[in-house]
Ligand code: NAD
């Protein structure tokens, strides 16, 4: 397929990608543009996208509102078919989506970009499969009575995305919102707009004009305009807790529906039984995966606070350092690369500053001395850092670094480790490693997080509710229950026959 969204040009010109509003590819009404920088090639601009503002948001909301009545009126099997067709179309172009992801975000092709596209496809298929479940109930109220409920779409959903895995986060929101009968205005992050525009292009042939709209632009301008817009019935936001709190306030002030998927500083607890001689390598590999080192640690669910029982502390650190130290940092497009690049200079400098501060703390032990590395043509490359003997109250153990930086804290007593794990304003994910079922599940149940994995470190399970406790957010996605609660409202109808 030949895309309008392509970064290949005949000459050296940087291509301009328009945004998608009302079935048309349009530039910003005021004609302004923003550069999209490839993080793996220092300061190389690979495309320009419109710097959308409030007027562009108005136009997109108007298109979404006018498309909504006909979209919601369809039989659910028609929306189901559209989602299945979109999934097939993405699958046919999966490699090109993955390659674009690698260039747009710096996430490595093999370890991140391809799995991200697979999740996108899986979620379009999952929500197509449950399309008929957005349904109400009938009360057995006796003869002469018909008391029933309907799950009606909310209207227009404003979806605001972060840059760390744009397609996966789009996958959490768009298929669920659409299949429930809503129309959508999506705003990708400034640093990761390209794959979302490509998604709109691939999906467009299967959706009526205005059902899916993409507005690119700055968060404080276009994002703010979406959150405050009276024509947006629900804001579905994924991003930092700082911006998320503000979004919650603005949406709350006009009583708009809102779901907030925010940051994390997730604990990962290793019990001695998970680090026996025959298990230690597997557990370390799972801890590495859970820390999302292969996404440069740029994951809200990264298990970035590692608590290791003192009985196995030293051998476990040695095994983990050997495995993490062997990761290959390099060009996101290269097949052999395990870890790509940090998204931009600001984030790169912020991660470096956290590491510098962490290394200066009294009593810290530097187990893996990562930091700036410049393979290839420059770019924001950082190799992993592991700091041990950390105290749970240091800034590096409390704040979300959002980089390849793991802190390790020893523990002796289960009450002590659960207290430390829960001593956080975040509550998104957690990981428990133990061969003792009672110990593992008891710990999992006592952790204050929305998602706990036991003896595994992988990604979310399609079909299960995902979301945060505490300042990690409000609302659930990924599941039919989450989607019914998050993208519909209940109407009760009482009829005397
Ligand atoms: P961010 O909060 O800076 O930005 C997220 C989005 O919000 C972007 O599209 C941005 O343009 C927009 N935005 C910024 N200011 C806004 C405003 N005033 N009004 C409306 N929108 C605004 O986050 P980021 O740096 O893009 O992403 C990293 C953060 O996202 C991390 O904290 C990470 O933990 C979090 N995250 C959470 C999840 C989750 O599922 N819980 C998933 C991925 C990322």
Considering 60, 89, 64, 28, which residue is at pLDDT 95 or above, surrounded by 15 or more Cβ atoms within 10 Å (Cβ to Cβ) and in a loop (DSSP other than H, G, I, E, B)?
28
Looking for something under 23 Å from residue 291 (Cβ atoms) and within 17 Å of the chain's Cα centre (by Cα) - is there at least one such residue anywhere in region 90-101?
yes
Residue 378 vs. criteria loosely packed, with under 14 Cβ neighbours inside 10 Å, touching a residue at least 40 places away in the same chain (Cβ under 8 Å), out of contact with any helix residue (DSSP H, G or I) (no Cβ under 7 Å at 6 or more places or on another chain) and in the same structural domain as residue 311 (by TED's automatic domain parsing):
yes
Of the residues that make up region 170-179, is at least one assigned to a loop (DSSP other than H, G, I, E, B), touching a helix residue (DSSP H, G or I) at 6+ places or on another chain (Cβ under 9 Å) and either surrounded by 23 or more Cβ atoms within 10 Å (Cβ to Cβ) or touching a residue at least 40 places away in the same chain (Cβ under 8 Å) (or both)?
no
Before we move on, is residue 164 buried (at least 24 other Cβ atoms within 10 Å of the Cβ) and within 7 Å of the ligand (Cβ to nearest atom)?
yes
List the helices (runs of 4 or more DSSP H) inside region 188-258, counting only whole elements, that have at least 2 residues being within 21 Å of the chain's Cα centre (by Cα), away from the ligand (no atom under 15 Å from the Cβ) and farther than 23 Å from residue 482 by Cα.
194-203
Got a sec? Which of 425, 445 is in the same structural domain as residue 309 (by TED's automatic domain parsing) and out of contact with any strand residue (DSSP E or B) (no Cβ under 7 Å at 6 or more places or on another chain)?
445
Considering only region 77-86, I want to know if a residue exists there that is more than 21 Å from residue 335 (Cα to Cα), touching a strand residue (DSSP E or B) at 6+ places or on another chain (Cβ under 9 Å), modelled with pLDDT of 95 or more and surrounded by 24 or more Cβ atoms within 10 Å (Cβ to Cβ).
no
When you look at residue 281, is it more than 30 Å from residue 388 (Cβ to Cβ) and more than 10 Å from the ligand (Cβ to nearest atom), yes or no?
no
Can you name the helices (runs of 4 or more DSSP H) wholly within region 301-408 that have at least 2 residues being at pLDDT 95 or above and within 16 Å of the ligand (Cβ to nearest atom)?
345-359, 395-398
Of the residues in region 131-145, those that are surrounded by fewer than 18 Cβ atoms within 10 Å (Cβ to Cβ) and either within 15 Å of the chain's Cα centre (by Cα) or part of a loop (DSSP other than H, G, I, E, B) (or both) number 8
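The values are calculated or read from the model by the stated rules, or taken from the named source; none is laboratory data. No experiment lies behind these values; they were computed from the predicted model shown. Neighbour counts run over all protein chains shown; Cβ positions are idealised from the backbone, glycine included.
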